[in-house]
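*Asks:* I have a structure here, written as structure tokens, and I will follow up with some questions on it.
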Amino acid sequence: MGKMNKKQYEIKDPSLAAEGKKRIEWAYREMPVVRLIRDRFAKEKPLKGIRISACLHITTETANLALTLKDGGASIVLCASNPLSTQDDVAAALVEYSIPVNAIRGEDEKTYYKHINVALDNRPQLTVDDGADLVTTLHTKRAELITDVIGGTEETTTGVIRLRSLERAGRLKYPIIAINDAQTKYLFDNRYGTGQSTIDGITRATNILWASKKVVICGYGWCGHGIALRAKGLGSQVIVTEVEPVRALEAVMDGYQVMPIIEAARVGDIFITVTGDKNVIDKAHLQVMKDGAILANSGHFNVEINIPALESLARSKRRIRPLVDEYTLSDSRRLYLLAEGRLVNLAAAEGHPASVMDMSFANQALCLEYMVKNRGNLEPKVYPVPEEIDKQVARLKLNSLGINIDSLTPEQKEYLISWEQGT
Ligand SMILES: NC(=O)c1ccc[n+]([C@@H]2O[C@H](COP(=O)([O-])OP(=O)(O)OC[C@H]3O[C@@H](n4cnc5c(N)ncnc54)[C@H](O)[C@@H]3O)[C@@H](O)[C@H]2O)c1
């Protein structure tokens, strides 16, 4: 990339770099699949000369992905995919590693979009997004840059939903691979990653005891599954709210109480939204909650809890602990909103553990390589992760854990594809 242009990056404090480097190294220990890919990329340079603009949570795991892409020959510029998830020490370390980063924890919305635009000034040939804010900005405000773009990847459920909507409207201009929909992503990252780190974030913010608490989980998708499992393991009584009958039934069979949010609102001690939907906890629900109820969100955007309604109901508001806002309502009930309703696992803890991001980001790196190899052959659509990449990531992860599995015998292969053999 040559010498870095100061205009290409904006971070909080360069002096945090040494601390950030140590934490990046710590995460790398738990990322064996990414390590293997990085070693190969360093030799083969599959991304030689490719310009990448990436909008991701600026965490230690993202740093290891960015270094992998850089070693693969890419010139990458990063910005944050959420104003509250940036780890400023990681941002500083990346700048020392000659990767421009535009992200400051706590940045306002204007700065957040300014940073996305600086990342786009890199004139991307590949985009990497988490929530589709970068791709949306590119398609609406910076459309002149699209001619250079080969393709992109999208990390999360909400981003994939937005991109499919763009595709349906006939407005998606280049191919994007939905990383979220790889089995080696959502089965582990969304379930075990969000599950553990959401509980971690709420615990760090509040230091509550989970045992005996009534925990209401809104949305029983992959993230909801994980959070429910971990809350149950800590001794909470878990209540699930859903709108999809199959998922609601699954929650019942998994041993949780299922009820409408208006009923759950009256009994819950802790509420966690993880739906990707809007106003899941609305004014009517806030009005009937118990004094002391805690509200947290782990879904992508801060719209799942109706915060303007909470503000309008409140007589007063104070920050009682870092990342905990106490709202006192006109009848003196107090409700506690964590991390301003933003992703609590990233805002109040460190996001997903490196071991699961290892698989998500292995998919990212391999899919970006795939995009370059298949340059010109893909249409402007949302594509699934190629099955061979998904399987390869699972195989490499198993290897790294020292676990071997069986393979089909020729006889079994034959049996499994035949229709003639019955009883
Ligand atoms: N915090 C993180 O680090 C992290 C990680 C992965 C995904 N996410 C985000 O979390 C959200 C959920 O992701 P997922 O993969 O679990 O999605 P998912 O689609 O598997 O599950 C969402 C569930 O919410 C349900 N739902 C929708 N509206 C609802 C409502 N009004 N009330 C109750 N339930 C409702 C849906 O029926 C669905 O079952 C997305 O926004 C995703 O981008 C966050």
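*Asks:* Taking H57 and the conditions (1) open to solvent by 10 Å² or more (accessible area, probe 1.4 Å); (2) free of Cβ contacts under 8 Å to residues at least 40 places away in the same chain, which numbered condition does it fall short on, given that it satisfies the others?
*Replies:* (2)
*Asks:* Another question about this same structure. How many of the residues in the stretch 348-388 are touching a residue at least 24 places away in the same chain (Cβ under 8 Å) and either β-branched (V, I, T) or part of a helix (DSSP H, G or I) (or both)?
*Replies:* Qualifying residue count for the region: 22.
*Asks:* Output the residues belonging to the stretch 389-419 that are in a loop (DSSP other than H, G, I, E, B) and either small (G, A, S) or open to solvent by less than 50 Å² (accessible area, probe 1.4 Å) (or both). Steps first, please.
*Replies:* Step one: list which residues in the stretch 389-419 are in a loop (DSSP other than H, G, I, E, B), which gives 401-409, 418-419.
Selection gives G402, S407, S418.
*Asks:* Any idea which of D181, D129, D148 is within 16 Å of the ligand (Cβ to nearest atom), within 22 Å of V372 (Cβ to Cβ) and open to solvent by 50 Å² or more (accessible area, probe 1.4 Å)?
*Replies:* Numbers: D129 fails: open to solvent by 50 Å² or more (accessible area, probe 1.4 Å); D148 fails: within 16 Å of the ligand (Cβ to nearest atom).
Being within 16 Å of the ligand (Cβ to nearest atom), within 22 Å of V372 (Cβ to Cβ) and open to solvent by 50 Å² or more (accessible area, probe 1.4 Å) holds for just one of D181, D129, D148, which is D181.
*Asks:* Then there's this: Among the candidates N306, N345, which residue alone is without any contact (Cβ under 8 Å) to a residue 60 or more places away in the chain and either open to solvent by 10 Å² or more (accessible area, probe 1.4 Å) or touching a Ser or Thr at 6+ places or on another chain (Cβ under 6 Å) (or both)? Walk me through how you get there before you give the answer.
*Replies:* Details: N345 fails: without any contact (Cβ under 8 Å) to a residue 60 or more places away in the chain.
From the options N306, N345, the qualifying one is N306.
*Asks:* Taking the condition within 22 Å of V303 (Cα to Cα), within 14 Å of the ligand (Cβ to nearest atom), in a helix (DSSP H, G or I) and of a type in the set (K, R), does R191 pass?
*Replies:* Yes: the conditions hold for R191.
*Asks:* Please go through the stretch 159-174 and pick out each residue that is surrounded by fewer than 21 Cβ atoms within 10 Å (Cβ to Cβ), in contact (Cβ under 8 Å) with a residue 40 or more places away in the chain and either within 11 Å of the ligand (Cβ to nearest atom) or not charged (D, E, K, R) (or both).
*Replies:* I161, L172
*Asks:* Ok, one more. Restrict the check to the stretch 67-74 and report whether at least one residue is over 30 Å from N399 (Cβ atoms) and surrounded by 21 or more Cβ atoms within 10 Å (Cβ to Cβ).
*Replies:* Within the stretch 67-74, not a single residue is over 30 Å from N399 (Cβ atoms) and surrounded by 21 or more Cβ atoms within 10 Å (Cβ to Cβ).
Per-residue answers, yes or no, for (1) within 16 Å of the ligand (Cβ to nearest atom); (2) touching a Phe, Trp or Tyr at 6+ places or on another chain (Cβ under 9 Å):
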residue	(1), (2)
K48	no, no
A54	no, no
I58	yes, no
L67	no, yes
D71	no, yes
P83	yes, yes
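The values are calculated or read from the model by the stated rules, or taken from the named source; none is laboratory data. Remember, predicted model here, so these are calculated numbers, not experimental data. Backbone-built Cβ (ideal geometry, glycine too); neighbour counts: all protein chains shown. When the accessible area is computed, the model is the full protein with side chains, heavy atoms only, and any ligands, DNA or RNA have been set aside. Shrake-Rupley method; radii C 1.70, N 1.55, O 1.52, S 1.80 Å.
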